[in-house]
Amino acid sequence: MKVKLGQAVKMFFGNSSLEMVFFEAVSNALDAEATEIHIELSLEASNRPGTLQIKISDNGLGFDDYRYNKFSNLFDVDESSHKGLGRLVYLCYFDEISVTSIFSDTQERNFTFSQQFEEEKFKLQKVDNSKNGTTLLMKNYTLQKIAKSEYISPKEIKKRILEEFYSRLFQYKQQNKEISIFIQSNIDNRNYKEKLSNSEIPNLLFVEIDSTLNLYDKFQIYYSIEEVDAIETSLISAISVDNRTFKVELIADENIPVGYKMIFLLFSDYFNGKVDAARQNLTLTKTELKEVQRVFRKKVTELIEERIPRIKKNNQEIKEGLINRYPHLNGYFDIENIGYLKRNEILKNAQEEFFKAQKELLEANHLTDEQFEKSLEISARALTEYILFRQLTIEKLRNSTSKDSEADLHNLIVSKGREGRFEKSNLVNDIYKNNSWLLDDKYMTYEVTLSDREMTELVAHLVEGEEIERDIDRPDFAFIFSNNPSEDKPFDVVIVELKKRGVNMYENLKTINQLETRARNLMKYYNNKIQRIWYYGIIEFNDEVELALSSDFTELYSTGKLYYNEKDVAISLNPKRTVPVGIFMWDIDAIVNDANARNSTFLNFIKSKFATQ
């Protein structure tokens, strides 16, 4: 062999797996017209991978001169369905493969296949009336470990050989040629056995399909849909390429009908030779593979719905659920594949189509009448997307528990920290980060939102151009709204303090003192530009908290609990000055219910409109 085998192994089988050793050996045995194949594995101990040996024998024609010469020369193939490289995979895992082969019933050839293999080094001797066949003994495992226990499990090896050679074994069954593969292992002194026979393969029905890929080659599906116990549920969907089977995902695991064993094999001369040299990847282009999946899946789903009528009903329910949950994407869902592709993939694809439509309109210099109509539709969908986002945010707040930190709740309302400053000029970019609408929709008219920022930043807006002392106190939220503080117009300020769920009464009532402190620091600037200041404490109510509040606070109307109290707060001693400050104490659940009531009005209206499309 004139090629450096070590380099060839790395080049063509850098991403191989141990199971490919079995695939190559079985393929070669079948090429040699074997009807029986024996696979034997031995491993002294699981923690000693170097002791792994694999022995594979068959009753094929053996290594006569012609086959031996082909074996000795890489790339020496008769047709495109053979690659002439497969045996290199043995050298990925074993230093030495001893080969004993009997051919013509009287000749035995012995040689060793390794990285130092030379074509001329073999031993040939006569034997009396022996049966043809070949035995490969693979020794000196080279890797530090066996990647997966499945690779040396007879049960898993049987499953993978069946998946890899399903189309070929099926064709042998059609030809009344019986193939048996025996697999046994001795690992840690425990023996396991399995047998694979193509007689196990069910009789497959046949249907022809049309494809735009090729006008000359026919595309045929052989299939079986068999009712079985739930535990035996399975699905094989694959393309037959050069007598090997390549999986094609048509139905996501989450959507495979329970209680059915299904097989779908796609055959066509169009696929001949369309696999890479290592037989690991199809060489179809993305466009070709997408078209193959489309026509294959379309016919498979028709066959499934025909044989299992409830599937169609279930898929209709899934479709209605998606439209009900995401009405703005109605019309962008891949209706044909709902119930077959992953739900998240259906959503992702619909979202991408929606974004694509938005992009086309935004990049248009002039809108035609048709584009204008489209822009109205997309604007409505974009608004719906935002309303849905709001609803999801409401649900997150509703489902929060005492296990959620105060920071978790804080970020749910408005992002804090370095990102905790929002200005009206960036409203469009910040709209998914600033959820001050949870408190009241009027706060979405904010000029500035400060989240967990120093009071110094807020005061700077109140006394613009004046020197101020640094105040490192940090209210949870501060909103300036109703007018721009840089203009000579009065504006409103909202200060909010937040407590997580599950804290004790004293921690909750500390909120009142915190708000009074904020008021004391701010009210001295009241006459500058501020026309109103609103103080809110957001806490979790219970009977104990309500009892404590009822002494000084008055309950106000809300879908939940909201208490109000106005008290005089001293802002200076000399001269002594006090100002009236109104403090609202608000239950977290009341915020949830109020926000939900407001948002549901929009949501129900939007659903009713999209439902008519």
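Where in region 153-213 are the strands (runs of 3 or more DSSP E), entirely inside, with at least 2 residues that are surrounded by fewer than 12 Cβ atoms within 10 Å (Cβ to Cβ)?
Filter on region 153-213 gives 190-197, 205-209.
Is there any pair with a first residue in region 109-137 that is under 15 Å from Gly62 (Cα atoms) and assigned to a loop (DSSP other than H, G, I, E, B) and a second that is aromatic (Phe, Trp, Tyr) and modelled with pLDDT under 90 whose Cβ atoms are under 9 Å apart and which are 6 or more apart or on different chains, and what are they?
From region 109-137, the pairs are Phe122/Tyr68.
Is it the case that Lys499 is surrounded by 19 or more Cβ atoms within 10 Å (Cβ to Cβ) and of a type in the set (Lys, Arg)?
The answer is yes for Lys499.
Go through region 511-609 and tell me which strands (runs of 3 or more DSSP E), entirely inside it, have 1 or more residues that are polar (S, T, N, Q) and at pLDDT 80 or above.
So the answer is 562-573.
Looking only at region 395-411, filter to residues that are crowded, with 17+ Cβ neighbours inside 10 Å and in contact with a Ser or Thr (Cβ under 9 Å, 6 or more places away or on another chain); which one of those is farthest from Ile588 (Cα to Cα)?
The residue in question is Asn411.
Can we say Phe354 is part of a helix (DSSP H, G or I) and in contact with a His (Cβ under 8 Å, 6 or more places away or on another chain)?
yes
Yes/no matrix, rows are residues, columns are (1) over 35 Å from the mean Cα position of the chain (by Cα); (2) closer than 29 Å to Ala32 by Cβ; (3) touching a residue at least 40 places away in the same chain (Cβ under 8 Å):
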{"site": "Lys177", "(1), (2), (3)": "yes, yes, yes"}
{"site": "Ile183", "(1), (2), (3)": "yes, yes, yes"}
{"site": "Asn186", "(1), (2), (3)": "yes, yes, yes"}
{"site": "Asn191", "(1), (2), (3)": "yes, yes, no"}
{"site": "Ser199", "(1), (2), (3)": "yes, yes, no"}
{"site": "Leu204", "(1), (2), (3)": "no, yes, yes"}
{"site": "Ile221", "(1), (2), (3)": "no, no, yes"}
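Name the single residue that is nearest to the chain's Cα centre (by Cα) among those in region 422-440 being surrounded by fewer than 17 Cβ atoms within 10 Å (Cβ to Cβ) and closer than 23 Å to Glu487 by Cα.
Within region 422-440, the match that is nearest to the chain's Cα centre (by Cα) is Val428.
Among all residue pairs at least 6 apart or on different chains, which show Cβ distances below 7 Å where the first residue, located in region 417-444, is in the same structural domain as Met455 (by TED's automatic domain parsing) and within 18 Å of Asn599 (Cβ to Cβ) and the second is surrounded by fewer than 18 Cβ atoms within 10 Å (Cβ to Cβ) and of a type in the set (S, T, N, Q)?
Matching pairs, first to second residue: none at all.
Going by the conditions given, is Glu227 touching a strand residue (DSSP E or B) at 6+ places or on another chain (Cβ under 7 Å), at pLDDT 90 or above, of a type outside the set (Ser, Thr, Tyr) and loosely packed, with under 13 Cβ neighbours inside 10 Å?
Answer is yes for this residue.
So is Gly417 closer than 24 Å to Thr393 by Cβ, surrounded by fewer than 17 Cβ atoms within 10 Å (Cβ to Cβ), at pLDDT 85 or above and not hydrophobic (A, V, I, L, M, F, W, C) or not?
Criteria not met by Gly417.
Just give me the residues in region 445-462 being in a strand (DSSP E or B) and either of a type in the set (A, V, I, L, M, F, W, C) or touching a residue at least 40 places away in the same chain (Cβ under 8 Å) (or both), in sequence order.
The answer is Glu447, Val448, Leu450, Ser451.
Taking region 279-324 as the search range and keeping residues that are free of Cβ contacts under 8 Å to residues at least 60 places away in the same chain and over 29 Å from Lys261 (Cβ atoms), which one is surrounded by the fewest Cβ atoms within 10 Å (Cβ to Cβ)?
Lys286
Going residue by residue through region 308-328, is there one that turns out to be part of a loop (DSSP other than H, G, I, E, B) and either among the aromatic types (Phe, Trp, Tyr) or modelled with pLDDT under 85 (or both)?
yes
Looking at (1) part of a loop (DSSP other than H, G, I, E, B); (2) more than 31 Å from the chain's Cα centre (by Cα), find the lone condition where Lys403 falls short.
Failing condition for Lys403: (2).
Run down Glu377, Glu395 and say which single residue is at pLDDT below 85, not in a strand (DSSP E or B) and not assigned by TED's automatic domain parsing to the domain that holds Val494.
Checking each option against the conditions leaves just Glu377.
The values are calculated or read from the model by the stated rules, or taken from the named source; none is laboratory data. Predicted model only: the values in this text are computed from it and were never measured. Please note: Cβ atoms are built from the backbone with ideal geometry, for glycine as well, and neighbour counts cover all protein chains shown.
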